[in-house]
Amino acid sequence: QVQLVESGGGLVQPGGSLRLSCAVSGSIFSIYGMRWYRQGPGKQRELVAAINAGGSINYAESVKGRFTISGDNAKNTVYLQMNSLKPEDTGVYYCNVDVQSSRGTIPFDYWGQGTQVTVSS
């Protein structure tokens, strides 16, 4: 079994910064793709940032230049540094990872419980 625990959300003023963390624990042989999604009020869930299995990184156009995704393999943790936050960044942020639990098995897709980010003055 694999667990994801997110932290770092909260209330911040426009222009401020937050750093989200997602700690992955449990039966882990290898972690492949790592992603952050968000779901704003009345909106569909959208991909914000991703570290792909080959190491390439992608961002949604709306966050390019402001958000940075990174991973710490030693700690099995993925981060999302969010700067210059805007009210439209408000939403629940979810961590999503592909975890291979043992050698030779197929990686499975796991989700965190979500952490609320509110950008408001």
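The values are calculated or read from the model by the stated rules, or taken from the named source; none is laboratory data. Source: prediction; values computed, not measured. Neighbour counts are summed over all protein chains in view; Cβ atoms, including those assigned to glycine, are modelled from backbone coordinates with ideal geometry. These accessible areas exclude ligands, DNA and RNA; they are computed on the full protein's heavy atoms, side chains included. Shrake-Rupley method; radii C 1.70, N 1.55, O 1.52, S 1.80 Å.
Ranked by the mean number of other Cβ atoms within 10 Å per residue, highest first, peptides 16-22, 27-33 order as 16-22, 27-33. Accessible surface area normalised per residue over segment 1-75 is 56 Å², counting heavy atoms of protein chains with a 1.4 Å rolling probe.
With only the Cα atoms considered, segment 63-121 has a convex hull volume of 110 Å³ per residue. Per residue, the solvent-accessible area of segment 77-119 (1.4 Å probe, heavy atoms of protein chains only, all protein chains present) comes to 44 Å². Tell me the carbon and sulfur percent of the accessible area for the chain, rounded to whole percent, probe radius 1.4 Å. Carbon plus sulfur share of accessible area: 49 percent.
Could you work out the percent of alpha carbon pairs in the chain separated by over 26 Å, rounded to a whole number? The proportion of pairs with Cα distances above 26 Å equals 18 percent. Partners of Lys43 within straight-line reach, counting aspartates and glutamates whose Cα lies under 13 Å from its Cα and excluding those fewer than 8 residues away in the same chain: Glu88, Asp89. Partner aspartates and glutamates whose Cα lies under 14 Å from the Cα of Lys75, excluding those fewer than 8 positions away in the same chain, are identified as Glu6.
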